[in-house]
Amino acid sequence: MSELAKNKPLDQEEIDLEKALDSLDVTKLAKPDLKTQKKLKKAAINFVKKETKMNIRIDSFELNEIKKRAAIEGLKYQSFIKSVLHKYITGQLIERKSANN
């Protein structure tokens, strides 16, 4: 089981994917032909080009809390922030109900 799975419950699709990946022997996979390799390389380069750098100012207390939560999720804090922002803008970020509500 991955570190992420230990810290965060997985849904059934994620569990199935993890099992499939764990059982896969990548040493037995055929190397893609040159045309496919070029296509994959181009797709990877285009994906990286689409990302834009962003600088923000943030309170040091908040940054430390973000780093703690990122560590719990098994992510680097920049990746954690990117994930949270992505989930927010796509409507996937779910607010937890506190005991006070």
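Computed values, structure above
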read-out	value
The one condition in (1) at pLDDT 95 or above; (2) under 20 Å from H86 (Cα atoms) that N55 fails to fulfil	(1)
Residue within segment 33-40 that is surrounded by fewer than 10 Cβ atoms within 10 Å (Cβ to Cβ) and not in a helix (DSSP H, G or I) present	yes
Check on E14, exposed (fewer than 12 other Cβ atoms within 10 Å of the Cβ) and in a helix (DSSP H, G or I)	no
Any hit, segment 53-62, residues being within 19 Å of the chain's Cα centre (by Cα) and either farther than 27 Å from P9 by Cβ or surrounded by 10 or more Cβ atoms within 10 Å (Cβ to Cβ) (or both)	yes
Filter pass, L21 being surrounded by 10 or more Cβ atoms within 10 Å (Cβ to Cβ), outside any helix (DSSP H, G or I) and hydrophobic (A, V, I, L, M, F, W, C)	no
Condition check for A44: within 28 Å of V84 (Cα to Cα) and among the hydrophobic types (A, V, I, L, M, F, W, C)	yes
Qualifying residue in segment 73-88 (condition: more than 15 Å from the chain's Cα centre (by Cα), assigned to a helix (DSSP H, G or I) and surrounded by 10 or more Cβ atoms within 10 Å (Cβ to Cβ))	no
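The values are calculated or read from the model by the stated rules, or taken from the named source; none is laboratory data. Because the structure is a prediction, the values reported are computed rather than measured. Cβ coordinates were reconstructed from backbone atoms using ideal geometry, including for glycine residues, and neighbour counts include every protein chain displayed.
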